[in-house]
Amino acid sequence: MSNKKNLRTPIVCIMGHVDHGKTTLLDRIRGTTIATGEAGSITQHIGATEVPIDVIIEKCLDPSLKDKFYVPGLLFIDTPGHHAFTTLRSRGGALADLAVVVVDINEGFKPQTIESLHILRRFKTPFIVVTNKIDRIGGWKSNKWSPFLKTYSKQTDDTKEVFEKRFYEIIGKLYEQGFVSERYDRIKDFQKTVGVVPISGLTGEGVPDVLMILLGLAQRFLESNLEYDIDGPGLGTVLEVKEEKGLGTTMDVILYDGTLRKGDTVVIGTLGEPIETKIRALLKPQELAEIRYENKFKQVSKVSAAAGIKITAPGIENALSGATLIKANDENIEEIKEKIKKEVEEVQIETDSEGVMIKADTIGSLEAMVHEFKKINVNIRKTEVGDVSRRDVVEISSIDNPLYSVILAFNVKVNADAKEFVEKNPNVNIFTNDVIYRIVDDYQDYVKSLEDAAERDFAENVTMVCRFKILPGCIFRQSKPAVVGVRILGGYIKNNTEVITADGTVVGVVKGLESNGKKIAKATKGMEIAMAIDGATVGRQIKEEDILYSNVYERDAKILEFEMFDKLKPDEQETLEMYLAIRRKNRPFWGK
């Protein structure tokens, strides 16, 4: 057994798909009910929970473990689970020593599960997989806080069969992603094989196994990574900055290296120049408490890594969530300021010359929003951390394009004067929510409504090109009006549309369309219909097997060619090009 004194607490990142039970698992470990209080039951920010070694051993149900483990405990980071939070999860992955990927055994892999695995592979982070919600398998008999093998032995053969089928489907999915994996109790070398632990976050079944494996992995494979200089400068990441009654402005921080003391000078990243300040108070949550939700903190004179802490200090109002915090002294403070400034500049978001405005409560959320909207090819003109102000809405109101006269606001307030302005300026749209994917859905619905309105306007006001052929043996009436059978070769045609020949001569106007004896409003490609053409006489202006076209006004041709072409179907594009060739044979600049 090692006698190392300066091993910091290993940081464990909980990852996986939305609603697969990450926060519920942590609630079971710490005895809380945080999951039920999350917006949409989805974790929206990284939180931190410290679980001391004595508590872990108690929950593992094996007192003899006390002499086997010497790490101080485990610090869990609960990461956002929805795919919108790739960037935040990446930070969690980079920060973490170990990870737990949570998969609902009944739903299996989702895109965000795969995304989590990609992040862990990129950062070379050791991890285990837990297949959650085994208690929801039909016929499962729950045994609260029982090791998996013990509860599994009490299930019926039919239930075991269903479990094995679903469990090994997940093993297969891991193999597809390039990972050799097996049930944890069947593994000899966790460095070569990913351990998979069946659990129920709700009942605690299998959770003792998870804790024991995490301790074993930390101690066996991470010892050198966990060593640190207890007197080294404190390094941390700012989770959240907020105003709290009786404390003023505070920062929630994950300290991942070194030590911080009350009175230390620290440098913190902002969107502008870094902040230099002195720590007024260090506050630690009670054991098993989650730093974002804990109301009772204890003041301490110093904190060593790894730990979730709350810091009070003057002038930290503009500290940036997701930014680095570093202890400094007179000799190195300018060097540290420059280092942190460069870090923040590196996460500045590339924007477009025109596009929507994005507002969010933290730099991590801002990056996540940008990631999500860039993925669906939305142009972004401006991004900012902070509430929606009157200045923001005034700025947006000057944009004519309704696609971009939009503010997408995640987890921030819309100030009263901004709301007042929007009420008087309906051309400004604000989509706000505390769950990112709902903002994405709302904006996509808005874009679809604009497209639908544009299509309705197009259908009502713009004549579509159409190419059709008079079928042989299908002359039903020669004139007044001529009624002929036609096949639509491209585009579509409606009543009251002029008809021209292939040389551009107008021969009449469509006054009726019938299919199978029934009147129709529009005929599209591939249809064979009866068409009444007023003004034309079969044998004079038109004859069997003629190719005819709908006549398009020059204004409409410009709209079709220069505004709508990419949205036209291939047959419509082809027909338009043929029609324009006819019109431009003698007038090269027609419709340009």
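Here are the numbers for the structure shown:
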item	result
Over segment 235-346 - Rg/Rh using Cα atoms and the Kirkwood inverse-distance radius	0.94
Using alpha-carbon coordinates, inclination of helix 157-176 to the longest axis of the chain, degrees	80 degrees
Magnitude of the charge dipole, segment 490-592, Cβ model with Lys/Arg +1 and Asp/Glu -1, debye to 20	280 debye
Charge context of Arg136, other residues only, Cβ under 12 angstrom, K/R +1, D/E -1	-2
Charge dipole (debye, nearest 20) of segment 463-532; +1 at Cβ of Lys and Arg, -1 at Cβ of Asp and Glu	200 debye
Dipole magnitude of the chain about its Cα centre (Cβ charges: Lys, Arg +1; Asp, Glu -1), debye to nearest 20	1140 debye
Mean Cβ neighbour count within 10 Å, used as a protection proxy, ranking 525-532, 184-191, 271-278, 233-240 highest first	233-240, 525-532, 271-278, 184-191
Farthest positive-ward along the chain dipole, Cα basis, beta-carbon charges - from Val510, Tyr446, Ser116	Val510
Value of Rg/Rh across segment 435-535 [Cα atoms, Kirkwood radius]	1.19
Surrounding net charge for Glu384, when Lys and Arg each add one and Asp and Glu each subtract one, Cβ distance under 9 Å	+1
Estimated [θ] at 222 nm from DSSP helical runs (n ≥ 4, -39500 (n - 2.57)) normalised by residues in the chain, nearest 500	-9000 deg cm²/dmol
With Cα atoms, 0 to 90° folded angle of helix 333-346 axis to the chain main axis	30 degrees
Fraction of beta bridges assigned by DSSP in the chain that are antiparallel (%, nearest 5)	65 percent
Spin-label pair Lys278/Lys519, simplified geometry with 7 Å Cα→Cβ offset, distance in nm	9.0 nm
Qualifying chymotrypsin sites (Phe, Trp or Tyr not before Pro) for segment 539-570 [loop in DSSP, other Cβ within 10 Å: at most 12]	Tyr553
Cβ-based exposure ranking for Lys150, Lys424, in which fewest neighbours within 10 Å come first	Lys424, Lys150
Per-residue Cβ neighbour rank within 10 angstrom, fewest leading, Asp546, Asp400	Asp400, Asp546
Burial ordering of Lys192, Lys245, fewest other beta-carbon atoms within 10 Å first	Lys245, Lys192
Segment 356-447: equivalent-ellipsoid semi-axes (sqrt of 5 x gyration tensor eigenvalues, Cα, Å)	19, 15, 11
Calculated P(r) of segment 504-592 - Cα pairs past 23 Å, %	34 percent
Efficiency of FRET between Lys424 and Glu451 - r from beta-carbon atoms, R0 25 angstrom, step 0.05	0.40
Label assignment, Rg and Dmax of the Cα atoms in Å derived from the structure, set [x] 26.5, 86; [y] 33.1, 107; [z] 30.0, 100	[y]
Within segment 466-583, percent of DSSP bridges classed antiparallel, to nearest 5	95 percent
Karplus-derived HN-Hα couplings along segment 505-522 (A = 6.51, B = -1.76, C = 1.60, θ = phi - 60°), whole Hz, x at Gly and Pro	7, 6, 10, x, 10, 5, 10, x, 10, 9, 10, 6, x, 10, 5, 10, 8, 8
Charge dipole (the chain, unit charges on Cβ, about Cα centre) - positive-most of Phe127, Leu408, Ile11	Phe127
Dipole of segment 205-277 [Lys/Arg +1, Asp/Glu -1 at C-beta], most positive-end residue of Gly246, Tyr228, Leu214	Gly246
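Read-outs: derived from the displayed coordinates by stated rules, not from any lab. Fair warning: this is a prediction, and the values are worked out from it, not measured in the lab. A quick note on method: Cβ atoms are made from the backbone with ideal geometry, for glycine too, and the neighbour counts reach across all protein chains shown.
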